[in-house]
Amino acid sequence: MTEQNRAGRSAPARQLAVGACVLGALVLLGALLGLVWWQLAPRAEGTALGDGQVFTGTTEDVFAGEGYFVVMTALAGLAAGYAAYMVQFSLARRRLQDLRLVVLVTGFLGSVAGALLTWRVGVALDGGAHAAVAAAEPGAAVVTGLHLDAIAFLVAWPFVFVLQYGLLDAVSLVRRDLPGVPPRTPEPEADEGSAERAPEDGAEPSARPAPGAPVAVEHDRSGPEGSEH
């Protein structure tokens with residue numbers, strides 16, 4: 001009884017610990033991706049218009065920075081969704097505790113935070129380029145810094161994470177090996193033909209004659225006894 005109480009108290013604590021680890025790992029990954037985005041993304045060249053405005057035209061480098069951001073965060077969501085599900089799968093099987101919902105919620109929140117950190121860290125590291133554009137005279141050639149014109153690109157990471165996580169959970173549901181959920185054992189069916197019904201209370205079983213024994217036959221004596229011919 002004491003062990004059951006300890007297990008019941010440790011289950012929420014274990015869920016909080018797993019959720020905190022998932023959230024912290026994704027936040028750290030977002031900060032690292034911001035550094036990678038700052039290192040790899042190309043910058044567009046343009047002409048300063050004054051007041052921090054730049055004319056860049058329609059070159060590929062104008063959209064390359066945002067494209068790098070979308071691809072990197074989508075790949076991060078794919079890898080994070082797979083890793084998070086497989087880790088909770090092994091933990092749930094070992095502890096016989098369902099951790100799918102906890103990891104899904106904290107993974108989604110961590111993906112949102114990671115995407116925001118990737119954006120803000122990359123832009124902050126490129127602060128020198130933004131300062132140069134703001135201080136440039138009109139007509140001067142400048143190199144633009146990292147930026148996101150479409151904030152909707154931030155949903156790539158959490159969307160891909162939830163999609164990957166849900167697909168893996170659907171595979172487990174089809175295979176009937178959901179983590180932390182014990183499989184159902186089928187109940188044995190009673191064989192009706194093998195068991196004979198017991199006689200009712202007070203009823204004696206009918207006696208069967210042995211094979212070869214003579215069978216007594218009663219004659220019909222309906223006529224008058226001693227009738228003379």
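Taking 41 Å as R0, compute the FRET efficiency from the Cβ-Cβ separation of L173 and A150 and round it to 0.05.
Working: r = 35 Å, r/R0 = 0.86.
For L173 and A150, the calculated efficiency is 0.70.
Gain in length, A31 to R94, computed as 0.36 nm per residue apart minus the alpha-carbon separation, to one decimal in nm?
That pair, A31 and R94, stretches by 19.5 nm at full extension.
Express in nm, to one decimal, how much length is gained between L125 and A141 on full extension, taking 0.36 nm for each residue of separation and deducting their alpha carbon distance.
That works out to 3.7 nm of additional length.
Could you give each residue of the stretch 81-93 its phi-based ³J(HN,Hα) in whole Hz, using Karplus coefficients 6.51, -1.76, 1.60 with θ = phi - 60°, and x for Gly or Pro?
Ordered by residue, 3J(HN,Hα) equals x, 5, 5, 5, 5, 5, 5, 5, 4, 5, 5, 5, 5 Hz.
Once amide H atoms are placed 1.01 Å from N in the peptide plane, what residues at a sequence separation of 5 or more from V54, or on another chain, have their amide H within under 5 Å of its amide H?
Correct list: L49.
Can you give the local net charge around D126? Use residues other than it whose beta-carbon is closer than 13 angstrom to its beta-carbon, Lys and Arg +1, Asp and Glu -1.
Working: positive: R43, R120; negative: none.
Around D126, the surrounding residues sum to +2.
Using θ = phi - 60° and the Karplus form 6.51 cos²θ - 1.76 cosθ + 1.60, what ³J(HN,Hα) does each residue of the stretch 168-174 get, whole Hz, x for Gly and Pro?
Going residue by residue, I get 5, 5, 5, 5, 5, 5, 5 Hz, with x marking Gly and Pro.
Give me a comma-separated list of calculated 3J(HN,Hα) values for the stretch 13-21, in order, Karplus coefficients 6.51, -1.76, 1.60 applied at θ = phi - 60°, integers in Hz, x for any Gly or Pro.
Computed from phi, the couplings for the stretch 13-21 are 5, 5, 5, 5, 5, 5, x, 5, 5 Hz.
Extension gain E60-A132, at 0.36 nm per residue separation less the Cα-Cα distance, in nm?
Separation in residues times 0.36 nm, less the Cα-Cα distance, equals 23.7 nm.
Between A44 and residues 5 or more places away or on another chain, which pairs have amide H atoms under 5 Å apart, with H built 1.01 Å from N, and which residues are they?
T144
Every read-out reported here was derived from the displayed coordinates using simple, explicitly stated rules and does not represent laboratory data. Given the structure is predicted, the values throughout are model-derived calculations rather than measurements. Heads up, the Cβs are rebuilt from the backbone with ideal geometry, glycines too, and the neighbour counts pull from every protein chain shown.
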